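The values are calculated or read from the model by the stated rules, or taken from the named source; none is laboratory data. All of these numbers come straight from a predicted model, not from anything done at the bench. The accessibility values were calculated without ligands, DNA or RNA, using every heavy atom of the protein model including side chains. Shrake-Rupley method; radii C 1.70, N 1.55, O 1.52, S 1.80 Å.
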Amino acid sequence: QVQLVESGGGLVQPGGSLRLSCAASVRIFSINAMGWYRQAPGKERELVAVIGSGGSRTYADSVKGRFTVSRDIAKNTVYLQMNSLKPEDTAVYYCKIDSMTGDYWGQGTQVTVSS
């Protein structure tokens, strides 16, 4: 059974940086996309960043220029480098892998931006 294990969340001051990682427990074939979503209290889950099978990247307008999504296909791992963090980035961040065999979600990792 596929599990996505996230790490790297935590508490950071405004303007700081964090790097999230998400690794699959087993090799996943025929990946269409790998990415990150987030859900803040009282809000719906939203797309943060996604990287397609060809390497194209899509970002939410709110994170463009601050966040960078990357991947290591051989390790079935996706990363999210978050710079210049703002209090409004506070949320639970979830990774997701879309593949021909199914869509898989991580358990979520809390990111809190506060002074």
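Here are the numbers:
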{"quantity": "Residue-span extension gain [Ser114 to Gln81] - 0.36 nm each, minus C-alpha spacing", "calculated": "10.1 nm"}
{"quantity": "Solvent-accessible area per residue, Å², over the chain with all protein chains present [probe radius 1.4 Å]", "calculated": "53 Å²"}
{"quantity": "Span per principal axis, largest first, for the Cα atoms of the chain (Å)", "calculated": "41, 26, 24"}
{"quantity": "Sequence of Glu46, Glu6, Glu88 when ordered by accessible area, the most exposed leading, probe 1.4 angstrom", "calculated": "Glu88, Glu46, Glu6"}
{"quantity": "Length-normalised contact order for the chain - Cα pairs under 8 Å, 6+ apart - percent", "calculated": "38 percent"}
{"quantity": "Estimated vicinal HN-Hα couplings, Hz - the stretch 90-105 in sequence order (Karplus 6.51, -1.76, 1.60; Gly, Pro = x)", "calculated": "4, 4, 8, 9, 10, 8, 9, 10, 9, 9, 5, 9, x, 9, 10, 10"}
{"quantity": "Under 26 Å from the Cα of Lys43 - lysines, other chains or at least 8 residues apart", "calculated": "Lys64, Lys86, Lys96"}
{"quantity": "5 angstrom amide H check on Gly16, placed H, neighbours 5+ away", "calculated": "Leu85"}
